[in-house]
Every structure is written in structure tokens, then in C-alpha cells.
Amino acid sequence: MSTPRTLVVMRHAKAEQAGPTDFERPLARRGHGDAAAAGAWLTGRGVVPDHALVSGALRTRETYEHLARGAGAAWSGVEPSYDEGLYAAGVETALDLVRLVDDAHQHVLVVGHNPTVAYLAQLLDDGEGDVEATNELAMGYPTSATTVFRYDGSWADLAPGTARLTGHHVGRG
């Protein structure tokens, strides 16, 4: 029997409408508080990642920074891995990036963009998890949406319908 793993899939927080390029759009003021609220929610659930895969775009990097601040000291040792490929990734590429995570990591956080992260969350759900969270997930994936899954297996074997939905939250600070 394998050790249960945690996978958190999150959409970046609210961003400004414009920037020098789309890749360089910063978070809006509201996004700072929303990301921090999501971090506090995760910590309240006992979720502390030991690996964070974050899109290289400015708004996702800033989301991670505020998420970690909201989570508090428990996240102080987590160094995010910024991946420019996650910025434009489709759902299959995003899934492949998670499959490349070393099995030494038990608790993984992915911070990315829609529609990819919404599709990823829906794709992974085995349909047997928390009913309220499943209903919330079905209502859409707005900015700061955060979905927590339990997964039993090697990251390399993560496949559609293999993760149990245990929580869903939209951070609003």
C-alpha cells in the first residue's frame, strides 16, 4: 500500500487587466488578499506542500508569494519551482508536469491558469470524494479557486479519475 499523497490545484488570484504583456500582468490589490486567504485555508486544513510547481507568469508567482504569506511559518521552507511551460500548457501537458515530480514529494501544489487548471481538477476527480466540494468545483473555477485531492500512487502514474477530491475553496480576503 502506498502512502497517501496530497495534490493541490490552484488558479492564480485576481490579476490586473493589463500589463506590458499577458505574461507580465501583476496581481490586482484584491488578488493579494485572496491568495493569502487561500493560504490560510490550506494551512487550516493541515495542507503544507513540500513541492510547489508554479507557472512562470508574474501573476502566478505573486499568487504563490501571497499564498505562502497567508499560510504562515509552516510553508517557510517550501521553495517554488517556476515553470514557464505551465503558462501556456494544456491539461495534458500540466498533467505530464505533475507526473515528473519526484516521488520523494508527498504534498504537491500546482498554481496555474484557466482553463487548464479547471480542466485538470475536473479530469483528476474520481467522483468518490467530498460531495460539497464536488458541487463547488462544478460551479466554476474563478480566480483563487483551490482544489485539494488525495492520491494513492506514484506521481508518474497519476491519471484521469485517480485522485479523490477532499476540498475546494475560493480564497477571498
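Specify which of the listed residues (Ala94, Ala145, Ala118) is touching a Ser or Thr at 6+ places or on another chain (Cβ under 6 Å), in contact (Cβ under 8 Å) with a residue 12 or more places away in the chain and within 25 Å of Leu27 (Cβ to Cβ). The conditions single out Ala94. Residues in the range 26-56 that are of a type in the set (A, V, I, L, M) and within 13 Å of the chain's Cα centre (by Cα): Ala35, Ala38, Leu42, Val47, Val48, Ala52, Leu53, Val54.
The number of residues in the range 95-152 being among the small types (Gly, Ala, Ser) and in contact with a Leu (Cβ under 7 Å, 6 or more places away or on another chain) comes to 4. Apart from one condition, Leu120 fits all of (1) more than 19 Å from Ala13 (Cα to Cα); (2) out of contact with any Lys or Arg (no Cβ under 9 Å at 6 or more places or on another chain); (3) at pLDDT 95 or above; the exception is (1). For Arg61, the requirement of being farther than 25 Å from Ala156 by Cβ, of a type outside the set (Phe, Trp, Tyr) and in contact with a Lys or Arg (Cβ under 8 Å, 6 or more places away or on another chain) is not met. Among the residues of the range 24-46, those that are part of a helix (DSSP H, G or I) and surrounded by fewer than 15 Cβ atoms within 10 Å (Cβ to Cβ) comprise Glu24, Arg29, Gly44. Can you find, within the range 6-25, the residue that is farthest from the chain's Cα centre (by Cα) among those that are under 13 Å from Ala145 (Cα atoms) and of a type outside the set (A, V, I, L, M)? Ranking the candidates gives Lys14 first.
The values are calculated or read from the model by the stated rules, or taken from the named source; none is laboratory data. Values in this document were obtained by computation on a predicted structure and should not be read as measured data. Note that each Cβ is placed from the backbone with ideal geometry, even for glycine, and that neighbours are counted across all protein chains shown.
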